[in-house]
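Presented below is the structure to which this report refers.
The values are calculated or read from the model by the stated rules, or taken from the named source; none is laboratory data. This one's a predicted model, so the numbers in the text were calculated from it and none came from an experiment. Counting neighbours? That spans all protein chains shown, and the Cβs are built from the backbone with ideal geometry, glycine included.
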Amino acid sequence: MNRLMRARLLVVAAILVVLEFACRTGLISSYSLIPPSEMVVAMIEMLRSGELTAEILQTVLAVFISVAAAVVVGILVAIVLHSMPRLRQAIEPVLVTYYSIPIFVFYPLFIVLFGLNDVPKVVIGFMLAVVTMIASTLNGLDRVPRVLRKTGRVLHLSRMETIREVVLPSAALSVFNGVKLAIAHAFVGVLAAEFILSTGGLGYQIAYAFHDFDNRKMYGIMLLLLIIVAVVNAFLMGWERYIRQRRGLS
Amino acid sequence: MNMLNILKSPKCRSTFDLLLLGVAFVALWQIFYEIAGSVALASPLAATENALKMLATSDFWMNAAATLKAFCIAVVIEAVAGLAIGIFLGLQRFTGDVFEPMLTGLYSVPKLMFFPMITLFFGIGLASEVAFGVLQGIISIILFTMSAVRNIKPVYMKTGKTMNLSTTQMMLTIALPGALPEIFTGLRIGVSSSLIGVILCEMFGSSRGLGFILMNAMQNNIVLDISSQTLLLIVFAAGLSGVLMAADYKLHRRV
């Protein structure tokens, strides 16, 4: 394990050193890429000056709302689909091919429908996140042990009680996995929407800096985004490990 | 033959379901149209008519060919490179363990963020379309191939050894067929993502292709064209994914 971590750190360090070297010596022109050290400096400068605070909040808030809506709607839809096998069978092709369709092409439509504000990007984030949430929840519902459902019936639990006491706890790991994926997808959706056309947010700032040939700002924000995504991922993975351990799964 | 029995057969059922989905899609579209009106989107009928008209123009096919070219090159590159890297990482256990978390991390990062970087490196046009397509798809191919190679049952390998197979024979008769279904799942996901990547790249950094004409229509706000092009793109993407899905299903059933 320790050897593994050392090797990983070594690889990351090696990549950074090579990039730094290539940029400093001019092997990669500064029009294409700035040295990693400069990205860090640019990022810290922007964070210190506070010019990004509003943008970060805007993006994170949009992602949060999309994920929250996707989780609620996704779980409800999955429960309904699970209780109607025939409908589920009919709708399965949609769930399977959904992610091969470029959802972003609907973005202009949403701008016309909802106006040029924060609603269209939340809708895009929601649309990308909700289907993986449905699929994961369905997966979890399929794995609820039969014996637990039967026990519930023996104890005369009502429908809602069964869902709350039996189904959701057994499906929790799959649902959690769905939330993890939903967050990743919502990030993609919101950032892409901001990038395409919007009035603010980190994606908008990247696009703005890109059109301005302001590489320091652009790479600074990209680094910041990478760090945000990495932190969120690490947090979720840690939480998942905690849940698994508590259930004695690994 | 009883009519009812034919109707109840699984094949007929799934065809019926697909038809129903199509009807539901059109109905939903019509409802949206009634709510939003023709400023936002065209009615299903008008969009389909316009789409058919578009299909008759040479201009459309020129752009479709450009998109297809970038897409095909991207698929070939990512398939070859992805399989090679995936098999290597699958066979070298330690190296695989070192790189796996980095790859899964990259997998969940929105690749669109790297779009400006790709444009700065590859310029505007075919090269960056291909690069962006590859970037979108290759990671899932690597990850799936790697896990497929790792998951080949040891008993197959042992059987091969007792039969004194050479390394090439082992690769061709055991490793590849054994890992193929899962590898294909990775390829399917990668190919679909690449198509999205190429179209996205055309939308922001290209001067031709289906993504470009869509963006053009958006900027000029020609609602009818936007609706028809969106329809064509969706039909194409869903069709491609359906074909790949069917092949995937068959492969998984075979083993």
Candidates A:LEU16, A:LEU10, A:LEU27, filtered to the one that is closer than 20 Å to B:GLU100 by Cβ, hydrophobic (A, V, I, L, M, F, W, C) and more than 26 Å from the chain's Cα centre (by Cα): A:LEU10
Some residue of the range B:188-206 being charged (D, E, K, R) and more than 22 Å from B:ALA65 (Cβ to Cβ): yes
Pick from the range A:168-198, criterion in contact (Cβ under 8 Å) with a residue 60 or more places away in the chain and of a type in the set (Phe, Trp, Tyr), ranking: surrounded by the fewest Cβ atoms within 10 Å (Cβ to Cβ): A:PHE176
Search result, residues across the range B:82-111 that are aliphatic (A, V, I, L, M) and within 12 Å of chain A (Cβ to nearest Cβ): B:VAL98, B:MET102, B:LEU103, B:LEU106, B:VAL109
Unique residue being surrounded by fewer than 21 Cβ atoms within 10 Å (Cβ to Cβ), more than 14 Å from chain B (Cβ to nearest Cβ) and of a type in the set (Asp, Glu) when the list is A:ASP214, A:ASP142: A:ASP142
So A:GLY178, is it within 18 Å of the chain's Cα centre (by Cα), assigned to a helix (DSSP H, G or I), within 10 Å of chain B (Cβ to nearest Cβ) and not β-branched (Val, Ile, Thr): no
Candidate set from the range A:217-250 (those that are farther than 21 Å from A:THR59 by Cα and aliphatic (A, V, I, L, M)); member that is surrounded by the fewest Cβ atoms within 10 Å (Cβ to Cβ): A:LEU249
The range A:194-211, residues that are more than 10 Å from chain B (Cβ to nearest Cβ), under 30 Å from A:VAL71 (Cβ atoms) and either part of a helix (DSSP H, G or I) or touching a Cys at 6+ places or on another chain (Cβ under 9 Å) (or both): A:TYR204, A:GLN205
In the range B:112-135, the residues that are within 10 Å of chain A (Cβ to nearest Cβ) and among the polar types (S, T, N, Q): B:THR119
Residue within the range A:29-41 that is among the polar types (S, T, N, Q) and in contact (Cβ under 8 Å) with a residue 40 or more places away in the chain present: yes
Check on B:GLY37, out of contact with any Pro (no Cβ under 6 Å at 6 or more places or on another chain) and modelled with pLDDT under 80: yes
